[in-house]
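Visitor: Mind looking over this structure? Questions follow.
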Amino acid sequence: KRLLQTRLIQSGEEYTLVTAVGNGMLEAKVEGRDIMLLRFSMAHVPRYAYIASILNSLANHGIPKIVSDNREEKCLNCGRMYPRGTKTCYRCSSKGVVFKRWLELMKPYARPLVISLCVFWIIIGLSLVTPFIYRYLIDNYLTPQKAEALPIFFLIMGLAVSELTRTLLNIYKNRMMNKVGLSISRDLRQMVYEKLQSLSIAYLDTQKTGDLMNRVTGDTNRIQDFICNQASMGINQILLLIVVSGILFVMNWRLASLILLPAPFIAYYFRIMRRKFRKMYGRQWRISDRSNSILHDILRGIKVVKAFGMEEKAVGRFEETSKELADITASNEKTYNTIFPFLHFIMGIGNFFILYYGGKYILAEQMELGELIQFTSYAGMIYGPLGFLTFFPRAFTQAITSTERIFEILDEESFIQNESNARKIQIEGNVVLEQVTFGYQFYEPVVKDINLEVKKGEMIGLVGHSGAGKSTLINLIMRLYDVDEGRITIDGVDIQDIDQMDLRSQIGVVLQETFLFTGTILQNITYAKPNASLEDVIQAAKIANAHDFIIRFPDGYDTKVGERGQRLSGGEKQRIAIARAILHDPKILILDEATASVDTETEYQIQEALGRLVKNRTTFAIAHRLSTLRNATRLLVLDEGKAIELGTHDELMNKKGKYYSLVMAQREMSRTKAG
């Protein structure tokens with residue numbers, strides 16, 4: 001038997017979490033040896049990552065952070081895992097909350113909705129009068145003994161006027177509801193889109209583009225259609241059912257009972273099937289989201305697909321998802337179109353009893369023909385609401401699912417939020433990183449304990465192998481993510497105390513993969529400063545060495561760049577991005593591989609433009625070619641997330657450490673290529 005040993009937490013030099021295949025381990029380094037404390041499944045990795053952090057804090061006599069920011073992937077109420085791609089438990093979600101939020105959406109349009117409801121009741125009133133007129137006409141005038149032309153004419157004219165009035169009122173109501181519906185749909189799209197813009201990169205990185213697009217468009221349309229059509233119609237139909245049922249029971253309670261006899265059984269059936277319907281359509285739409293995301297990826301990467309001759313594989317991948325979507329849709333439709341038509345038939349069985357027993361009453365002279373026609377007309381009005389209610393659960397289920405999907409986004413809290421005391425400052429450019437630690441997965445730090453002080457106007461080159469943490473560091477400076485430990489200050493102010501919009505409006509970025517929006521060259525250059533004059537744009541383009549190639553286009557600055565700038569070369573797109581940054585006039589500049597993947601001549605032009613751009617600005621630059629960082633004030637060398645060297649180019653070369661090795665390796669590679 002292995003004896004358990006008890007030690008003080010402070011005796012551990014370091015506590016680490018190690019992930020393996022299908023499991024993880026918590027280890028402690030004691031007297032230079034790694035000791036495994038326990039092993040656990042991958043589901044518990046986040047928890048033990050925090051435990052390791054707490055143990056390290058205690059071991060270093062610090063104050064531990066024992067509040068976990070980790071988001072559970074399962075329902076805290078019932079313990080079931082969330083469906084993939086959602087944070088909603090369909091078993092536990094409250095329908096009352098959904099109804100309340102629907103009311104909030106409709107509140108700005110209460111007046112037209114109330115007017116349309118009143119119009120509907122006028123229409124219903126006219127509909128209730130019509131059968132009475134038919135009964136009066138048939139029983140009193142449409143017999144040889146009682147026929148009188150003038151009363152018949154006036155009664156028929158009354159029917160015609162009633163029908164015409166109903167038609168005109170229906171047109172008015174439908175147009176009003178259509179206008180309200182479009183407004184609600186617009187508001188929903190705007191709300192979702194604005195929310196997406198406010199969410200942090202950390203959240204958006206975990207979502208599929210096709211899924212988000214589906215929520216902005218498809219889900220908002222379903223909610224709009226339900227609120228303005230099915231929901232309003234459902235309320236009206238239920239009220240109509242109550243009123244007409246009352247009339248029928250007053251006229252003949254025996255026949256009325258035959259009509260309504262199946263209703264309680266069908267209502268109970270809907271209740272027990274509701275959860276199944278929600279699960280059916282929820283799964284269908286998740287597959288639809290995945291299909292849209294695959295299509296979006298293939299279309300965005302169509303050049304890569306064609307370059308590698310992978311058209312058949314791309315088609316096969318999309319066909320596989322499309323088949324899965326078609327299969328689940330077909331299964332859902334099969335279920336729906338089997339159950340509901342049969343229920344609709346059951347609803348109408350009472351009509352046969354009415355004809356049979358009503359005929360017996362007439363033959364026994366216990367009911368007039370006109371009275372039977374009036375009764376069957378009112379019964380027809382009941383079959384409408386009953387028939388509508390048989391099909392209503394499908395629309396209701398779709399609307400509930402869409403609402404939950406949309407409000408998942410609207411309720412999502414951004415990881416990056418302005419503090420209550422966030423303020424605007426005029427940035428000078430002094431940046432300090434104090435013991436900065438961060439990981440995209442909090443239990444796997446990407447940068448660790450980084451300390452750096454940058455003076456206004458300095459250019460800091462970030463050097464290191466791929467994955468060393470260079471891009472992560474500039475993401476933290478732009479506050480696209482918040483540090484896990486330590487802090488970053490600008491001009492002595494913690495960036496978490498600076499208004500996000502104000503901070504980023506004073507930071508300029510030129511990335512390796514330049515993104516241009518569909519539009520003209522002018523629109524892309526003025527993106528960060530829409531009110532810039534044409535003279536300012538041309539001046540920025542000249543500084544960026546872009547003016548000469550722009551004016552060679554037939555349309556000059558009005559040239560369409562195509563989707564993602566596909567009509568321009570890589571160097572041209574890069575120089576437009578530099579012109580955009582120059583026009584923006586930032587206080588802090590980020591250059592992330594700004595000269596990668598271009599030819600020597602283009603690189604020279606870009607370097608010349610960048611030389612003008614970085615002048616008198618605090619600059620953080622990442623470069624593939626280390627020679628391009630020769631003019632940097634200082635170089636920070638990163639290795640596995642840690643800062644291992646800091647100094648000028650000459651200082652680091654003389655030191656003959658990691659930077660020296662990287663430079664020598666690149667020079668050797670250049671000589672090999674030249675040879």
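Visitor: Please go through (1) in a helix (DSSP H, G or I); (2) open to solvent by 40 Å² or more (accessible area, probe 1.4 Å); (3) not hydroxyl-bearing (Ser, Thr, Tyr) for Leu476 and return the number of the only condition it doesn't satisfy.
Guide: Condition not satisfied by Leu476: (2).
Visitor: Any chance you could count how many residues in region 218-231 are closer than 14 Å to Lys179 by Cα and among the polar types (S, T, N, Q)?
Guide: 3
Visitor: Here's something else I'd like to know. List the pairs whose first member sits in region 358-374 and is on the phi < 0 side of the Ramachandran plot, whose second member is surrounded by 14 or more Cβ atoms within 10 Å (Cβ to Cβ) and basic (Lys, Arg), and whose Cβ atoms are under 9 Å apart, counting only residues at least 6 apart or on separate chains?
Guide: The qualifying pairs are Glu368/Arg135; Leu369/Arg135; Gly370/Arg135; Glu371/Arg135; Leu372/Arg135; Ile373/Arg135; Gln374/Arg135.
Visitor: Counting only residues that are part of a loop (DSSP other than H, G, I, E, B), hydroxyl-bearing (Ser, Thr, Tyr) and buried (at least 19 other Cβ atoms within 10 Å of the Cβ), how many does region 461-473 have? Outline the logic, then answer.
Guide: Applying the first criterion (part of a loop (DSSP other than H, G, I, E, B)) to region 461-473 yields 464-469.
With the extra rule that they be hydroxyl-bearing (Ser, Thr, Tyr), the set shrinks to 466.
Those left that are additionally buried (at least 19 other Cβ atoms within 10 Å of the Cβ): none.
Final tally of qualifying residues: 0.
Visitor: Go through region 9-48 residue by residue and tally those that are under 12 Å from Ala59 (Cβ atoms), polar (S, T, N, Q) and in contact with a strand residue (DSSP E or B) (Cβ under 8 Å, 6 or more places away or on another chain). It would help to see each step written out before you state the result.
Guide: First pass over region 9-48, keeping only residues under 12 Å from Ala59 (Cβ atoms): 9-16, 28-30.
Cutting the leftovers down to polar (S, T, N, Q) gives us 10-11, 16.
If we keep only those that are in contact with a strand residue (DSSP E or B) (Cβ under 8 Å, 6 or more places away or on another chain) too, we end up with 11, 16.
Going through region 9-48 one residue at a time, the tally reaches 2.
Visitor: Just the residues that are within 32 Å of the chain's Cα centre (by Cα), part of a helix (DSSP H, G or I) and surrounded by 15 or more Cβ atoms within 10 Å (Cβ to Cβ), please, taken from region 541-566. If you could, list the steps in order and put the result at the bottom.
Guide: Restricting attention to region 541-566, the residues satisfying the condition of being within 32 Å of the chain's Cα centre (by Cα) are 560-566.
Retained after the next criterion (residues that are part of a helix (DSSP H, G or I)): 563-565.
Of everything in region 541-566, those that are within 32 Å of the chain's Cα centre (by Cα), part of a helix (DSSP H, G or I) and surrounded by 15 or more Cβ atoms within 10 Å (Cβ to Cβ) turn out to be Arg564, Gly565.
Visitor: Scan region 20-38 for residues that are on the phi < 0 side of the Ramachandran plot, open to solvent by less than 90 Å² (accessible area, probe 1.4 Å) and modelled with pLDDT under 80 and report the count.
Guide: Final tally of qualifying residues: 1.
Visitor: If a residue has to be open to solvent by 10 Å² or more (accessible area, probe 1.4 Å) and within 12 Å of Phe620 (Cα to Cα) to count, how many in region 431-451 make the cut?
Guide: Final tally of qualifying residues: 0.
Visitor: Checking the structure you have, find out if any residue of region 235-250 is touching an Asp or Glu at 6+ places or on another chain (Cβ under 9 Å) and either open to solvent by 40 Å² or more (accessible area, probe 1.4 Å) or within 26 Å of Arg111 (Cβ to Cβ) (or both). Quick ask: steps written out before the conclusion?
Guide: We begin by selecting, within region 235-250, every residue touching an Asp or Glu at 6+ places or on another chain (Cβ under 9 Å); these are none.
There is no residue in region 235-250 that is touching an Asp or Glu at 6+ places or on another chain (Cβ under 9 Å) and either open to solvent by 40 Å² or more (accessible area, probe 1.4 Å) or within 26 Å of Arg111 (Cβ to Cβ) (or both).
Visitor: What is the number of the single condition among (1) more than 21 Å from Gly218 (Cα to Cα); (2) modelled with pLDDT of 70 or more; (3) small (Gly, Ala, Ser) that Ser322 does not meet?
Guide: Evaluating Ser322 over (1) more than 21 Å from Gly218 (Cα to Cα); (2) modelled with pLDDT of 70 or more; (3) small (Gly, Ala, Ser) leaves (1) as the failure.
Visitor: Could you please find all residues in region 160-186 being surrounded by 15 or more Cβ atoms within 10 Å (Cβ to Cβ) and of a type in the set (A, V, I, L, M)?
Guide: Leu169, Met176, Met177, Val180, Ile184
Visitor: Further question on the same structure: Using the structure shown, decide if Ile488 is in a strand (DSSP E or B), open to solvent by less than 50 Å² (accessible area, probe 1.4 Å) and farther than 30 Å from Leu188 by Cβ. Lay out the reasoning, then the answer.
Guide: Values: in a strand (DSSP E or B): yes; open to solvent by less than 50 Å² (accessible area, probe 1.4 Å): yes; farther than 30 Å from Leu188 by Cβ: yes.
Yes; evaluated as a whole, the condition is true for this residue.
Visitor: Then there's this: Could you tell me which of the residues Ser569, Ser533, Ser597 is modelled with pLDDT of 85 or more, open to solvent by 20 Å² or more (accessible area, probe 1.4 Å), more than 19 Å from Met459 (Cα to Cα) and under 36 Å from the mean Cα position of the chain (by Cα)? Don't jump to the end; show me each part of the working.
Guide: Working: Ser569 fails: modelled with pLDDT of 85 or more; Ser597 fails: modelled with pLDDT of 85 or more.
So the residue among Ser569, Ser533, Ser597 that is modelled with pLDDT of 85 or more, open to solvent by 20 Å² or more (accessible area, probe 1.4 Å), more than 19 Å from Met459 (Cα to Cα) and under 36 Å from the mean Cα position of the chain (by Cα) is Ser533.
Visitor: Also, I was wondering about something else. Consider Phe515 against the criteria (1) at pLDDT below 85; (2) touching a Lys or Arg at 6+ places or on another chain (Cβ under 7 Å); (3) buried (at least 17 other Cβ atoms within 10 Å of the Cβ): it satisfies all of them except one. Which criterion is unmet?
Guide: Every listed condition holds for Phe515 apart from (3).
Visitor: Considering Glu458, Glu413, which residue is open to solvent by 80 Å² or more (accessible area, probe 1.4 Å) and of a type in the set (D, E, K, R)? Break it down into steps so the answer makes sense when it comes.
Guide: Details: Glu458 fails: open to solvent by 80 Å² or more (accessible area, probe 1.4 Å).
After applying the criteria, what remains is Glu413.
Visitor: Another question, if that's okay. Output yes when any residue across region 398-407 is touching a Phe, Trp or Tyr at 6+ places or on another chain (Cβ under 6 Å) and open to solvent by less than 20 Å² (accessible area, probe 1.4 Å), and no when none is. Give the derivation first.
Guide: Keep residues of region 398-407 that are touching a Phe, Trp or Tyr at 6+ places or on another chain (Cβ under 6 Å), which gives 398-399, 401.
Keeping just the survivors that are open to solvent by less than 20 Å² (accessible area, probe 1.4 Å) gives 399, 401.
For region 398-407, residues touching a Phe, Trp or Tyr at 6+ places or on another chain (Cβ under 6 Å) and open to solvent by less than 20 Å² (accessible area, probe 1.4 Å): present.
Visitor: Can you find a residue in region 210-218 that is open to solvent by less than 30 Å² (accessible area, probe 1.4 Å), in contact (Cβ under 8 Å) with a residue 24 or more places away in the chain and among the β-branched types (Val, Ile, Thr)?
Guide: The answer is yes; a qualifying residue exists.
Visitor: Here is a follow-up. Please count how many residues of region 12-64 are in a loop (DSSP other than H, G, I, E, B), more than 37 Å from the chain's Cα centre (by Cα) and aliphatic (A, V, I, L, M).
Guide: To start, the set of residues in region 12-64 that are in a loop (DSSP other than H, G, I, E, B) comprises 12-13, 20-22, 31-32, 60-64.
Imposing the further condition that a residue be more than 37 Å from the chain's Cα centre (by Cα) reduces the set to 12-13, 31-32, 60-63.
After this cut, where a residue has to be aliphatic (A, V, I, L, M) as well, the list is 63.
So the answer is 1.
Visitor: Moving to a separate point now. Any idea which of Arg135, Arg189, Arg111 is within 24 Å of Val243 (Cβ to Cβ), basic (Lys, Arg) and open to solvent by 30 Å² or more (accessible area, probe 1.4 Å)? It would help to see each step written out before you state the result.
Guide: Numbers: Arg189 fails: within 24 Å of Val243 (Cβ to Cβ); Arg111 fails: within 24 Å of Val243 (Cβ to Cβ).
Every option except Arg135 fails the conditions.
The values are calculated or read from the model by the stated rules, or taken from the named source; none is laboratory data. In this text, all values refer to a predicted model and were calculated from it rather than measured experimentally. With ideal geometry, Cβ positions are generated from the backbone for all residues, glycine too; neighbour counts draw on all protein chains shown. The area values use the complete protein model at the heavy-atom level, side chains included, leaving out ligands, DNA and RNA. Shrake-Rupley method; radii C 1.70, N 1.55, O 1.52, S 1.80 Å.
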